Amino acid sequence: MKAGEDKLVKRVASVLARKGGLRLALGVGDDAALFAPRPGYETVLTCDWFLEGSHFLPGKDPADSVGWKCLARAVSDIAAMGGQPRCFLLSLALPGKVALEERGRGSRWLDEFLGGLRRAAQRFACVLAGGDTTQRGEILINVTVVGEVLAGRAIRRSGAKSGDRVFVSGVLGEAELGLQKLRRGARNSPKNDRARRKHLYPEPRLALGQWLANRKLASSMIDLSDGLSSDLPRLCAASGVGARLDAAEIPSPKQPRTGSKPLDVLGLALNGGDDYELLFTVRSNKASRIPRSFQGIVLTEIGEITRERRVVIVKQDGTAKPLLPLGWDPFCK
């Protein structure tokens with residue numbers, strides 16, 4: 001079986017490994033990699049699981065999207081700190097028939113997976129530094145990303161204060177809508193379906209995170225991976241504050257055309273996961289410096305931070321209700 005593992009490692013390396021990668025003194029091929037941090041920077045570390053049946057659907061999620069998304073998810077954590085990704089470690093547990101199948105025999109899962117992962121690595125300027133492989137009955141993927149941020153500029157969850165304004169990037173709930181379409185068997189190309197494209201090929205907001213960090217505009221920040229209703233309370237807990245949201249201001253998916261069943265677009269925006277947008281707070285005296293959009297991504301003010309340690313949402317009729325954390329929770333599926 002060792003020969004089989006060596007063969008798999010060489011196959012992965014042949015697609016993903018690059019010599020002379022950014023800040024890598026030694027990459028794939030030794031017992032460990034050597035990473036050379038730049039002077040004046042702090043190192044950012046994060047890791048993320050991506051599991052068959054929990055995070056992607058066998059037979060429905062294209063293998064290249066699994067490759068793209070497993071890295072994009074982890075890179076989004078770097079974006080939420082205002083950092084830049086540099087390299088990643090990939091741990092793969094695969095069924096033997098997937099790991100050992102030969103190249104070139106039609107559309108093979110591993111070829112497509114590595115192709116999507118390579119595109120993501122190139123897009124995010126994040127090179128493979130190493131990892132591990134093993135055999136398992138189902139596909140398990142773990143990605144660890146190493147990034148950098150200017151010393152003292154990392155944006156944490158714990159910096160929000162009462163009176164800060166709350167902003168989000170993008171439209172919330174689109175990825176959840178894309179997942180629902182996928183489960184219903186939608187067959188049109190994701191290129192022509194914004195919601196499905198966002199679910200399958202999310203774009204971590206790296207440039208926005210770095211812009212906010214370098215200009216010292218955000219007092220706190222978190223990426224929206226589990227849904228606004230679950231991630232905002234985490235930021236508030238870390239900062240020892242609460243929040244008051246305006247339901248009318250939360251950017252939600254558009255209602256379908258006439259004749260389709262109306263969607264609970266607010267519910268999608270509050271509780272849908274996998275958006276990988278950024279939620280950030282800004283001191284009130286700096287809020288006017290946040291533009292309406294950044295590089296084509298809409299930025300929306302949706303509420304404010306409060307002293308009371310609770311999160312409420314104000315409906316259009318003026319009533320305020322507690323915002324229940326109904327987003328993604330792997331232990332409450």
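The values are calculated or read from the model by the stated rules, or taken from the named source; none is laboratory data. Because the structure is a prediction, the values reported are computed rather than measured. Methodologically, a virtual Cβ is constructed for each residue, glycine included, from the backbone with ideal geometry; neighbour enumeration extends over all protein chains shown. Please note that ligands, DNA and RNA were not included when accessible areas were found on the heavy atoms of the full protein model with its side chains. Shrake-Rupley method; radii C 1.70, N 1.55, O 1.52, S 1.80 Å.
See the values below:
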{"quantity": "Enumeration of residues in region 269-317 that are part of a helix (DSSP H, G or I), small (Gly, Ala, Ser) and open to solvent by less than 60 Å² (accessible area, probe 1.4 Å)", "calculated": "Ala269, Ala287"}
{"quantity": "Residue match in region 95-110 (condition: assigned to a helix (DSSP H, G or I), in contact (Cβ under 8 Å) with a residue 60 or more places away in the chain and either within 30 Å of Ile305 (Cβ to Cβ) or open to solvent by less than 10 Å² (accessible area, probe 1.4 Å) (or both))", "calculated": "yes"}
{"quantity": "Search result, residues across region 1-53 that are under 23 Å from Val149 (Cα atoms), among the small types (Gly, Ala, Ser), at pLDDT below 75 and assigned to a loop (DSSP other than H, G, I, E, B)", "calculated": "Gly20, Gly21, Gly27"}
{"quantity": "Residue match in region 252-262 (condition: modelled with pLDDT under 95, at positive phi and part of a loop (DSSP other than H, G, I, E, B))", "calculated": "yes"}
{"quantity": "Residue within region 294-309 that is modelled with pLDDT under 95 and either out of contact with any His (no Cβ under 9 Å at 6 or more places or on another chain) or aromatic (Phe, Trp, Tyr) (or both) present", "calculated": "yes"}
{"quantity": "Residue count for region 318-331, restricted to those that are open to solvent by less than 100 Å² (accessible area, probe 1.4 Å), over 12 Å from Ser229 (Cβ atoms) and in a loop (DSSP other than H, G, I, E, B)", "calculated": "3"}
{"quantity": "Residue list for region 265-296, filter: under 17 Å from Gly170 (Cβ atoms) and of a type in the set (D, E, K, R)", "calculated": "Asp274, Asp275, Glu277, Arg292"}
{"quantity": "Complete set of residues in region 154-187 that are farther than 20 Å from Gly209 by Cα and of a type in the set (Asp, Glu)", "calculated": "Glu174, Glu176"}
